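Okay, so here's the structure we're looking at.
The values are calculated or read from the model by the stated rules, or taken from the named source; none is laboratory data. Every value quoted in this text rests on a predicted model; they were computed, and no experiment measured them. Heads up, the Cβs are rebuilt from the backbone with ideal geometry, glycines too, and the neighbour counts pull from every protein chain shown.
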There are 2 protein chains.
Amino acid sequence: MKKLLIASTSTLHGSAYLAYLLDELTVFFQSTETIVFIPYARPSGLSHDAYTKIAETAFQKINKKIVGLHEFDDPIQALKDAEGIFVGGGNSFVLVDQLHRKNIMNTLRSVVNSGTPYLGTSAGSNICGISMGTSNDMPIVHPPSFETLGVIPFNINPHYLDPLLESKHMGETRATRIKEFHFFNTQAVVGLREGSFLEVIGEQIVLKGPLNARVFEHHKAPYEISSGTDLSDLH
Amino acid sequence: MKKLLIASTSTLHGSAYLAYLLDELTVFFQSTETIVFIPYARPSGLSHDAYTKIAETAFQKINKKIVGLHEFDDPIQALKDAEGIFVGGGNSFVLVDQLHRKNIMNTLRSVVNSGTPYLGTSAGSNICGISMGTSNDMPIVHPPSFETLGVIPFNINPHYLDPLLESKHMGETRATRIKEFHFFNTQAVVGLREGSFLEVIGEQIVLKGPLNARVFEHHKAPYEISSGTDLSDLH
């Protein structure tokens, strides 16, 4: 039975890495001693070791061990053997590029579908959708494909940001970008504000956290949903 | 002799499409009667006809005719015959995807290098660089390559935005994104604020407009340059 926690961000403003999620993660990873961390998204260009250290420090607080996927000679076997998986944020292009080029995407999909608990934050959440086509990141490398895990039947837009009404900047708003996405793609998009996360248990998908989320369906006006909303039928 | 005008944005807040550039464009397109407009970037999903109409309305004010590249049976020949070219903004992924798939990128590079006057705004400016790797856009389609015209020896980040100091949003700042770009790419990046543009005459590249720009070179701290700065040696 699938078990995922798909979070908009790892970090809330002014608090430590993963701090706002630790209570939730204690329950979520109850039966997991060691979590395999995938550091490929390299936020700010961090090395895999340095990034893994950050995840390790956070998870020590709830007595979980972290081991970086880059430390294994056979990452595919490591994922098959994993008790739990955490994919951290950073640059989605770099993450997706690595998952495809190392032939890890299919294995990751398969173990998540088989029930290995999966935590994703930001780019690690973006890849749970059908494609990375609603990423906010800069295209600093060219992945062979934008296809991602598809372990939920819609796309995620992490760090969802409402239009800044006082802004004089003429770059596209997030909502305009997602509207443009829907000229070329049909899947729904869930804009997850920082502090929100989706909990997936089997085929049930529920919005959690203190905030509303914004849903963009193809050929429909965007709408708000409140925490606790069941999104299992969204696609 | 190359002749380009590479603008951060088509539109300044509160003013009409291209209004702030019209005086400049009157001089720039002095010897051009008809400009071929490339509408492929489709801002907000606009049809090619609708987008071409917007460009047409703006250029009527300075007595220039606009014809959309999509109106030609043979777009490659149309570019070879063009007296002037304007590539409008929108989504860089959609623009670059179309330029590659229609085999137009090489012809466009070739006519620009041969001296056909070229105006780019936003996505149309981004493609003047070596790659679209410093685009701000959402990856709504998957281009076969991120390589672009390379008619200037560095990359452009259009709509450059300084960090919002009061923001509590945890998404990456533009400067962090460009720093991540430099972990995988070595070319310099010029962050063009809205209202700035580069004027290219032959191999001379000069920053124009009322604002400073921000330059990001590989392995160097970012720095500001003032209007009038010659960027010909940047790479």
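Worth a mention:
- Residues located in segment A:46-80, provided they are surrounded by fewer than 13 Cβ atoms within 10 Å (Cβ to Cβ) and closer than 17 Å to A:ILE104 by Cβ: A:ASP73, A:ASP74, A:GLN77
- Strands (runs of 3 or more DSSP E) completely within segment A:183-235 that count 2 or more residues being buried (at least 18 other Cβ atoms within 10 Å of the Cβ) and touching a residue at least 60 places away in the same chain (Cβ under 8 Å): A:197-201
- For segment B:26-58, the set of residues classified as part of a loop (DSSP other than H, G, I, E, B) and more than 30 Å from A:PHE181 (Cβ to Cβ) consists of B:PHE29, B:GLN30, B:SER31, B:THR32, B:GLU33, listed by residue number.
- Filter result (at the interface with chain A (Cβ under 10 Å from one of its Cβ atoms) and modelled with pLDDT of 95 or more) within segment B:151-170: B:ASN157, B:PRO158, B:HIS159, B:TYR160
- Residues of segment B:171-182 that are in contact with a Leu (Cβ under 9 Å, 6 or more places away or on another chain) and facing chain A (nearest Cβ under 7 Å): B:GLY171 alone.
- Extreme residue, surrounded by the most Cβ atoms within 10 Å (Cβ to Cβ), among residues of segment B:81-117 that are among the charged types (D, E, K, R) and in contact (Cβ under 8 Å) with a residue 12 or more places away in the chain: B:ASP97
- Residues located in segment B:18-45, provided they are surrounded by fewer than 18 Cβ atoms within 10 Å (Cβ to Cβ) and closer than 23 Å to B:GLN98 by Cβ: B:THR34, B:SER44
- When the test is whether a residue is away from every other protein chain (no Cβ under 12 Å), under 29 Å from A:GLN204 (Cα atoms) and among the aliphatic types (A, V, I, L, M), A:ILE104 passes it.
- Test: residue in segment B:105-112 that is closer than 21 Å to A:ILE178 by Cβ and β-branched (Val, Ile, Thr): no
- Output for segment B:79-104, where each listed residue is of a type in the set (A, V, I, L, M, F, W, C) and within 14 Å of B:PRO39 (Cα to Cα): B:LEU79, B:ILE85, B:PHE86, B:VAL87, B:PHE93, B:VAL94, B:LEU95, B:VAL96, B:LEU99, B:ILE104
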